[in-house]
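Chemist: Just dropping this structure here.
The values are calculated or read from the model by the stated rules, or taken from the named source; none is laboratory data. Treat the numbers as computed from the prediction; the structure is a model and nothing was measured. Quick reminder, even Gly has a Cβ in these numbers, built from the backbone with ideal geometry, and neighbours come from all protein chains shown.
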Amino acid sequence: MKRADRWLRWRPTAWEACLVALILMAGAWSAYLSPYYLDIGQILDSGRQFIIPGLLAFGLLPIVLTGEIDISLASNLAIGAVLLGHLSAAGVSPWLAVPVVLAVCALLGAVNGVLVSWMGLPSLAITLGTMGAYRGLAYVVGLDTGYTDFDDAYLSVGSGYVFGIVPVSLVLFLGVAVVMAFVIHGTVFGRRIFAVGRNSDAARIVGIDVTRLKIVTYAMAGALAGLAALVWIGQYGSARGDNADGSVLFVVTAVVLGGVDINGGRGTVLGVTLALLLLGTLRNGMGLANVGGPVQTVVLGALLLLGVLRPVALRAYHAVRSGAARGKAQAAGT
């Protein structure tokens, strides 16, 4: 009953409400640029552009909540895509191929977790190294030509539709969002993630296995990268070593702009989902306005800075307020 009461008392944060307002403003701007923007088919199809980075962002979320980072997820996706290409060429059923790829990608993620948590190495440096190593491995496995002759069963998740209008990948994205929300906010495992992000030393003292927990979060992120690879080959019909190259900026921006503290211990799945909707809407609007790719990258970089600076500014604001309150109390006491 206590858990049910907690869910019933849930209210969105002020930042999540702000993101909703920004999404509506971006949607109004896009509708102003094109009368076809509000067509339901166009909206659902345009939503497909943030599904792949969205799956990677959901994987990155628990890692950042523990106070770590993983910038190798896009390279992990590329390995998953080329493995799917080899398995399709070998005539392996996707019902067998997909679990194999998810396991391989989860293992690659776990390697990051072992290096970071068990060996105590800095996550930024480690995942920067594995980003290059995994990308090179994807080129070696996928060769220069890549693979395009996929069996239709492999493409159905990324290219299929439900009721002829709703992309299957969008349904998958929403399903993953619900599962991640439950895991992060409704389980003991999720509460331990927040505890580690707030103070890993205190978490160890109360009996949390911080090393194993971080390895699991990295493995989860790797598995979601493998799932994103399945969507990728369906949307683009190809598997190459350069798949998803350059997408890390979008992914990190979505997580940080969604209200996740880059230092760990604070953030929500809803916030990340809203940030993805905002970024997707802005990208759609900038495309309608013929805004060039470099300018779009500048916008993403600015939003990333906003997301990083927001919690810093809030902490400074609360510190000033608390200091002023203490000053008033001391003045009143004298």
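Chemist: Pairs please, first residue from the range 146-173 and modelled with pLDDT of 85 or more, second anywhere and surrounded by 15 or more Cβ atoms within 10 Å (Cβ to Cβ) and among the aromatic types (Phe, Trp, Tyr), Cβ atoms under 7 Å, 6+ apart in sequence or on different chains.
Modeler: If the second residue must be surrounded by 15 or more Cβ atoms within 10 Å (Cβ to Cβ) and among the aromatic types (Phe, Trp, Tyr), the pairs left are GLY158/TRP232; PRO167/TYR161; VAL168/TYR161.
Chemist: To continue, here is another question. Does the range 130-145 hold any residues that are at pLDDT 90 or above and of a type in the set (D, E, K, R), and which are they?
Modeler: Hit for the range 130-145 is ARG135, nothing else.
Chemist: Then there is this: Quick check on LEU274: is it within 23 Å of ALA21 (Cβ to Cβ), modelled with pLDDT under 90 and not in a loop (DSSP other than H, G, I, E, B)?
Modeler: Numbers: within 23 Å of ALA21 (Cβ to Cβ): yes; modelled with pLDDT under 90: no; not in a loop (DSSP other than H, G, I, E, B): yes.
Judged against the criteria, LEU274 is not a match.
Chemist: Could you check how many residues of the range 144-159 are part of a loop (DSSP other than H, G, I, E, B), surrounded by fewer than 15 Cβ atoms within 10 Å (Cβ to Cβ) and among the charged types (D, E, K, R)?
Modeler: Our first condition is that a residue be part of a loop (DSSP other than H, G, I, E, B); within the range 144-159, this holds for 144-146, 148-151.
Subset that is surrounded by fewer than 15 Cβ atoms within 10 Å (Cβ to Cβ): 144-145, 148-149.
Next, from what is left, pick out any that are among the charged types (D, E, K, R): 144, 149.
Selection size over the range 144-159: 2.
Chemist: Need at least 2 residues that are of a type in the set (Phe, Trp, Tyr) per element, so show me which helices (runs of 4 or more DSSP H) inside the range 12-105 make the cut, counting only ones lying wholly within it.
Modeler: Details: elements: 14-33, 40-46, 51-65, 73-89.
Helices (runs of 4 or more DSSP H) meeting the threshold: 14-33.
Chemist: I need the full set of residues from the range 142-162 which are under 14 Å from ASP45 (Cβ atoms) and not aliphatic (A, V, I, L, M), in order please. Explain how you work it out, then say what you get.
Modeler: Here is the first cut: in the range 142-162, the residues under 14 Å from ASP45 (Cβ atoms) are 158-162.
GLY158, SER159, GLY160, TYR161, listed by residue number.
Chemist: Consider ALA138 carefully, then state whether it is crowded, with 18+ Cβ neighbours inside 10 Å and in a helix (DSSP H, G or I). Please lay out each step first, then the result.
Modeler: Numbers: crowded, with 18+ Cβ neighbours inside 10 Å: yes; in a helix (DSSP H, G or I): yes.
So ALA138 passes the test.
Rundown of residues vs (1) small (Gly, Ala, Ser); (2) more than 24 Å from the chain's Cα centre (by Cα), yes/no style:
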{"site": "VAL82", "(1), (2)": "no, no"}
{"site": "VAL92", "(1), (2)": "no, yes"}
{"site": "LEU107", "(1), (2)": "no, no"}
{"site": "LEU121", "(1), (2)": "no, no"}
{"site": "ALA138", "(1), (2)": "yes, no"}
{"site": "ASP149", "(1), (2)": "no, yes"}
{"site": "GLY164", "(1), (2)": "yes, yes"}
{"site": "VAL178", "(1), (2)": "no, no"}
{"site": "ILE184", "(1), (2)": "no, no"}
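Chemist: Just checking, which of ALA239, ALA229, ALA254 is closer than 14 Å to SER72 by Cα and surrounded by 24 or more Cβ atoms within 10 Å (Cβ to Cβ)?
Modeler: Values: ALA239 fails: closer than 14 Å to SER72 by Cα; ALA254 fails: closer than 14 Å to SER72 by Cα.
That would be ALA229, the only listed residue that is closer than 14 Å to SER72 by Cα and surrounded by 24 or more Cβ atoms within 10 Å (Cβ to Cβ).
Chemist: Then there is this: Checking the conditions here, which among ALA17, ALA4 is at pLDDT 85 or above and either closer than 25 Å to GLY142 by Cα or exposed (fewer than 14 other Cβ atoms within 10 Å of the Cβ) (or both)?
Modeler: Details: ALA4 fails: at pLDDT 85 or above.
None of the others qualify; the one that does is ALA17.
Chemist: So VAL162 passes all but one of these: (1) surrounded by 14 or more Cβ atoms within 10 Å (Cβ to Cβ); (2) over 22 Å from VAL216 (Cβ atoms). Which condition number does it fail?
Modeler: (1)
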